[in-house]
Amino acid sequence: MSQRKVLQGNIIIAKAALAAGCDFFAGYPITPSSEIAQYMSKEMPKMEKAFIQMEDEIASLGACIGASLAGKKALTATSGPGFSLMQEHLGFAVMAEVPVVIVNVMRGGPSTGMPTKPSQADMMQTRWGTHGDHPIIAVYPAFSDEIFSETVRAFNLAEKYWNPVIILLDEVLAKAHMDVEIPEPGSYEVYWEKTHEISDLNIYDRNIGENPPRIDFFHSYPIHIDSLEHDAHGWPSFDAKTVDKMQKLRMEKIFYNLDDIIKYKEYFLDDAEVLVFSFGISARSALAAVKMAREQGIKAGLFQALTVWPFPRAALQERFKKTKKVLTVELNMGQMKYEIERIAPPDVKKQTLLRANGLPFSPGEVLETIKEFVK
Amino acid sequence: MMKIEIRYGAVGGQGIITAGALLVDIAVEMENKFAIESPTYTAAVRGGPTKVDVIISDEPIDFPHAQAIDFFLCTDQKPYDIYKERLKDDAIVVVDSHLVRELGDTRNWKVYHVPIINETKVGAGNVVLTSVVSLALTQKMTNVISYDNMVAHIKHWAPKGSVEMNMKAIEVGMNLIK
């Protein structure tokens, strides 16, 4: 076994962000994410990188967008209440196609809710929190090594697809100290493809499905960035044909590249009678439960989504060809279960285990639900 | 497979989050185990009931909260009442003899009443050392980490000028239960 270290979940995110080349952080500390800002405030100045504590979360994401436009890899970290405030600028980042990474360590809601308790109740806000049709990418690690790898991946995806990427994390894991293996630099991909060489000023011009170029906006070009719908040059345009193309460019850059973006883990699914669908801390309860079920001769398996948005539809539908029971386990009043209902064929029986009282599911509770479901 | 589950119960500020973190540090970085420490606390960081679960195993850990507790150390009545769930029938239970008075049904637990907080103040000189005293008590009662590794780690971890008082705290913890 290689030497593992002990780090808190929040600190793993901060270290991974720096490993991924993050060179700008602007944020407003909030439980249970505060240690990310705390760590960055200590470490970034030593590396001659910029850390700013902003006056609120609106300004935090605004500063990150500005830094990103100036060619920096920018990160902010928050929890539900702050993520609500960020929704307006999140829409700007989508519209203007600005890479930025946002950590949302979820806590009990709505409003200021339960700052020190876990929840998975921002799943739909992550997808649809900002208005208008828009693409979004969200990753959701559950185990310590995944917290590192998914954070690095979040930066890569943001840079590659010129889009905001959200890292979801649970309060339980953000605050826990746990063993983790921090991989050697060079053993993982760090995507960075910035060009100053543009042939014309039509920065948004490209074919549908193509990755956009990453341009250093402030490198002597008179480029226009606008939150209004715009043409290839970035100037406001409401011309129906132009709008149609721009909408498609933004949506399809994600949907043409699902294989690159979507990641998941499958446990014991090949012969499974019941597929447990889960993510984050609930996937850890579910994995323990599935192992206990196997010991008792119950054919249960786990599908753990690491990319939650876009939803891993195709991989699940493949499983539903053989496995005809699906149990969704999530710490909310029912959010991702609607995605399962949308994609699972009518002959697949659907069950849920839901709760939003600040207590994670114990493996025993998941096991009992599985047993009841297979009866 | 070796797997041990430990729970600390206290009120915020008594140092059990530090005790748990130290235990995990030693288990992982000095003894090559898998380990996780997960704290549960309230908005009142000082004075609110707090629990810390520590799981140490020679295999990766799926669920981070304790499910079948081998060792429970508790230094206040309120967290005792809330967090005494999920103890094994033969669990070892150490409670502060001044601050935990009502134990209720103790099943087949091996219960020790010791003046943890008081002895820390008197014997080690400062109540902030409850973390290290609790760690030493855990080492003695469970043997989940080695004594030598504990001492070496605390020497390395203790802030400059405080090594001696931390060593004293280890001594207090080791002598609380004969």
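Taken together, the values in this text are just the output of simple stated rules run on the coordinates, not laboratory data. Everything numeric in this text was worked out from a predicted model, so none of it was measured. Every residue, glycine among them, receives a Cβ derived from its backbone with ideal geometry; neighbour counts consider all protein chains shown.
Label chain A by shape, choosing from rounded, prolate and oblate, from the square roots a ≥ b ≥ c of the eigenvalues of the Cα gyration tensor; if a/c is under 1.5 it is rounded, and otherwise prolate applies when a/b is larger than b/c, oblate when it is not.
prolate
Who wins for biggest fluctuation among A:LYS42, A:LYS245, A:LYS175 in a Gaussian network model of chain A, springs between alpha carbons below 10 Å?
Most flexible of the set in this elastic network: A:LYS42.
Among rounded, prolate and oblate, which fits region A:1-124 when a ≥ b ≥ c are the square roots of the eigenvalues of its C-alpha gyration tensor, a/c under 1.5 means rounded, and a/b larger than b/c means prolate?
oblate
Can you work out the FRET efficiency for the pair A:PHE255 and A:MET333, with r the C-beta to C-beta distance and R0 = 30 Å, to the nearest 0.05?
0.55
Using the 10 angstrom Cβ neighbour count as an exposure proxy, how do B:TRP109, A:TRP162, A:TRP192 rank, fewest first?
By the 10 Å Cβ count, ascending, the order reads A:TRP192, B:TRP109, A:TRP162.
Return A:ARG153, A:ARG127 ranked ascending by Cβ neighbour count within 10 Å, so the fewest neighbours appear first.
Sorted ascending by nearby Cβ count, the order is A:ARG127, A:ARG153.
For B:HIS113 and B:GLU164, what does the FRET efficiency come to when R0 = 25 Å and r is the distance between their Cβ atoms, rounded to the nearest 0.05?
Working from the Cβ atoms, E equals 0.30.
Between A:THR78 and residues 5 or more places away or on another chain, which pairs have amide H atoms under 5 Å apart, with H built 1.01 Å from N, and which residues are they?
Those qualifying (amide H under 5 Å, at least 5 residues apart or on another chain) are A:VAL103, A:ASN104, A:VAL105.
With a ≥ b ≥ c the root eigenvalues of the C-alpha gyration tensor of chain B, is it rounded (a/c under 1.5), prolate (a/b larger than b/c) or oblate?
It comes out rounded by the Cα gyration axes.
With both partners inside chain B, how many of the DSSP beta bridges are antiparallel, as a percent to the nearest 5?
55
So what is the relative contact order for chain A, in percent, with contacts set as C-alpha pairs under 8 Å and at least six apart?
16
Based on Cβ point charges of +1 for Lys and Arg and -1 for Asp and Glu, what charge dipole magnitude is obtained for region B:3-175 about its Cα centre, in debye rounded to the nearest 20?
With only Lys, Arg, Asp and Glu charged at Cβ, the dipole is about 480 debye.
Measuring from label point to label point, each 7 Å out along Cα→Cβ, what is the B:SER97 to B:VAL151 span in nm?
Result for the modelled spin labels: 2.6 nm.
Taking Cα atoms, how many degrees apart are the long axis of helix A:144-161 and the longest axis of chain A, rounded to 10 and kept between 0 and 90?
40
Where in region A:1-87 are there GluC sites (Glu not before Pro) that are in a DSSP coil and have at most 16 other Cβ atoms within 10 angstrom of their Cβ?
A:GLU48, A:GLU55
By count of other Cβ within 10 Å, fewest leading, how are A:TYR267, A:TYR204 ordered?
With the fewest neighbours first, A:TYR267, A:TYR204 line up as A:TYR267, A:TYR204.
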